[in-house]
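These notes are about the structure you will find just below.
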Amino acid sequence: MEALPYLKRISLKRDRIESFHRYPFSIPAVRELDSLEFGKEVTFLVGENGCGKSTLLEAIAVALGFNPEG
């Protein structure tokens with residue numbers, strides 16, 4: 001089977017988090033994250049300002065070796 005160029009799933013390694021009271025783990029979108037499945041080639045993240053959409057995308061970028069500002 002051919003590898004596809006998009007994410008299928010991400011998981012938070014909760015046992016490696018020192019405190020869920022510190023940023024960015026205090027943000028509800030991150031604090032409540034266990035794993036996130038991506039079912040399609042395109043995913044939309046929606047939510048209120050400050051709920052953690054950009055923080056989540058930056059964390060995914062860093063984990064994959066990309067520049068978080070890019």
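Could you please tell me which pairs satisfy a Cβ distance under 6 Å, a separation of 6+ or placement on different chains, a first residue in the stretch 46-64 that is within 13 Å of P28 (Cβ to Cβ), and a second residue that is in a loop (DSSP other than H, G, I, E, B)?
If the second residue must be in a loop (DSSP other than H, G, I, E, B), the pairs left are G52/I27; K53/L45; K53/G47; T55/P24; T55/I27.
Cβ-Cβ under 9 Å, sequence separation 6+ or interchain: first residue in the stretch 2-27 and loosely packed, with under 12 Cβ neighbours inside 10 Å, partner of a type in the set (G, A, S). Which pairs?
K8/G39; R9/S35; S11/S35; S19/S26
How many of the residues making up the stretch 28-49 are part of a loop (DSSP other than H, G, I, E, B) and either modelled with pLDDT under 85 or within 13 Å of R9 (Cα to Cα) (or both)?
Total satisfying the criteria: 8.
Can you find even one residue in the stretch 37-48 that is touching a strand residue (DSSP E or B) at 6+ places or on another chain (Cβ under 6 Å) and on the phi < 0 side of the Ramachandran plot?
Yes.
The values are calculated or read from the model by the stated rules, or taken from the named source; none is laboratory data. All figures in this text were calculated on a predicted structure; none of them were measured in a lab. Every residue, glycine among them, receives a Cβ derived from its backbone with ideal geometry; neighbour counts consider all protein chains shown.
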